[in-house]
Amino acid sequence: MAGAQVATEQLARTGRLEVIRPGPGPEGVKSAARVMAIIDLLTKEHRGAGFTEICARLDLPKSSTHALLRTMTDRGFLTVDRKTRRYRIGVRVWEAGQAYLQGFDLPSIALPYMEAARDSLNETVQLAILDGVDNVYVAKVEADHRLALQSRVGARLPAYSTGLGKVLLAGLSDSEVRARFRDVRLEAFTDKTITDIELLINELNSIRQLNYGTDCGEYTPGIICTAVPVRAHSGATVAAMSVSVPEVRAAPGSQKRALGVLSNQAACISVQLGHRDLDQS
């Protein structure tokens, strides 16, 4: 198979294209693969890269690459620092990314994965986003139980008191969390609610390390919640997905199983939003 075709298929499968060794084939296909490779490289290199480095890293011929970079720069897909001569991603790539994201309806994208989690666990699954210091429910799929968490799409709860909310807060820096709660009193809804900002910060640090959060009756007595982050293309937490189970129905090992199911389905949603786990790529 021609080298350019191999390279293009590699990019489609993995989202990565680090070496181009074009063989015989249409010149336009080779140029398209090289453009994608250059954009992919510079997306990862926030300091940019010089002409020689780009050619070496991607194994591109200097003669044609010089003209390619000039065209991409002229059209705004790249920018070049006049002093350092390092190329970086240009505003046209950012505009394309914004258009890509604006085409997403998060609840619609998440719904089939939420339903898959619900079907696997037979428990209610919810999706929320962060608004100030509250988590706002944007999607919910019900399980077939008489005893279930009473919540609704559009409702908001104090983020510090729920598993969903704490996962969303963990996506912020400690300084941003402190700033948002500077004039907020952490009200106790149950005897398990966190009411001290430093204790909350400690828990958020733990959530960042574990990549999930819980609450055990912190807002609603008798309800155990397990929540995981949903990430955008940048890696930022844009939503959180949870399953809530009454303590009377919780079985040994059920929370571990719920975490596995939620993590898998949340990862699928994140992929749909453009997120790519570089540790696994």
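Restricting to segment 225-243, and then to whatever is farther than 16 Å from Gly260 by Cα and touching a strand residue (DSSP E or B) at 6+ places or on another chain (Cβ under 8 Å), can you tell me which residue is surrounded by the most Cβ atoms within 10 Å (Cβ to Cβ)?
Filtering segment 225-243 down to residues farther than 16 Å from Gly260 by Cα leaves 231-239.
Filter once more, keeping what is touching a strand residue (DSSP E or B) at 6+ places or on another chain (Cβ under 8 Å): 231-232, 237-239.
On the way: Arg231: 22, Ala232: 16, Thr237: 21, Val238: 22, Ala239: 29.
Once the filter is applied, the top-ranked residue is Ala239.
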Exercise. At pLDDT 90 or above, out of contact with any Lys or Arg (no Cβ under 8 Å at 6 or more places or on another chain) and either open to solvent by less than 30 Å² (accessible area, probe 1.4 Å) or outside any helix (DSSP H, G or I) (or both): does that describe Met1?
Worked result: no
Problem set entry | Index of the failed condition, Ala148 passing every other in (1) at pLDDT below 90; (2) more than 24 Å from Pro246 (Cα to Cα); (3) aliphatic (A, V, I, L, M) | (2)
For this session: Check off (1) modelled with pLDDT under 90; (2) open to solvent by less than 70 Å² (accessible area, probe 1.4 Å); (3) under 30 Å from Ala239 (Cβ atoms) for Asp131 and give me the number that stays unchecked.
Result: (2)
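Is it true that Gly235 is out of contact with any Lys or Arg (no Cβ under 8 Å at 6 or more places or on another chain), in contact (Cβ under 8 Å) with a residue 60 or more places away in the chain, assigned to a loop (DSSP other than H, G, I, E, B) and not β-branched (Val, Ile, Thr)? Please lay out each step first, then the result.
Values: out of contact with any Lys or Arg (no Cβ under 8 Å at 6 or more places or on another chain): yes; in contact (Cβ under 8 Å) with a residue 60 or more places away in the chain: no; assigned to a loop (DSSP other than H, G, I, E, B): yes; not β-branched (Val, Ile, Thr): yes.
Answer is no for this residue.
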Exercise. Within segment 111-134, which residues are more than 13 Å from Ala258 (Cβ to Cβ) and not in a helix (DSSP H, G or I)?
Worked result: Leu127, Ala128, Ile129, Leu130, Asp131, Gly132, Val133, Asp134
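Inspect segment 24-31 for any residue being farther than 21 Å from His233 by Cα, of a type in the set (S, T, N, Q) and modelled with pLDDT of 90 or more and give the result as yes or no.
The first filter runs over segment 24-31 and keeps only residues farther than 21 Å from His233 by Cα, leaving 24-31.
Restricting the remaining residues to those that are of a type in the set (S, T, N, Q) gives 31.
Next, only the ones that are modelled with pLDDT of 90 or more stay: none.
There is no residue in segment 24-31 that is farther than 21 Å from His233 by Cα, of a type in the set (S, T, N, Q) and modelled with pLDDT of 90 or more.
Quick check on this structure: which one of Val177, Val184, Val153 is aliphatic (A, V, I, L, M) and buried (at least 17 other Cβ atoms within 10 Å of the Cβ)? I'd like the intermediate steps shown before the answer.
On the way: Val184 fails: buried (at least 17 other Cβ atoms within 10 Å of the Cβ); Val153 fails: buried (at least 17 other Cβ atoms within 10 Å of the Cβ).
The conditions single out Val177.
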Exercise. Just one of the numbered conditions (1) open to solvent by 50 Å² or more (accessible area, probe 1.4 Å); (2) within 22 Å of the chain's Cα centre (by Cα); (3) closer than 27 Å to Glu115 by Cβ is not true of Glu203; which one?
Worked result: (3)
For this session: Provide a single number: the residues in segment 251-281 that are modelled with pLDDT under 90 and either open to solvent by less than 40 Å² (accessible area, probe 1.4 Å) or among the aromatic types (Phe, Trp, Tyr) (or both).
Result: 3
Seminar exercise, completed: Of the conditions (1) at pLDDT 90 or above; (2) open to solvent by 40 Å² or more (accessible area, probe 1.4 Å), the single one that Ala99 does not satisfy is (1)
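The values are calculated or read from the model by the stated rules, or taken from the named source; none is laboratory data. Not measured: the values here are computed from a predicted model. Backbone-built Cβ (ideal geometry, glycine too); neighbour counts: all protein chains shown. SASA here: full protein model, heavy atoms, side chains in, ligands and nucleic acids out. Shrake-Rupley method; radii C 1.70, N 1.55, O 1.52, S 1.80 Å.
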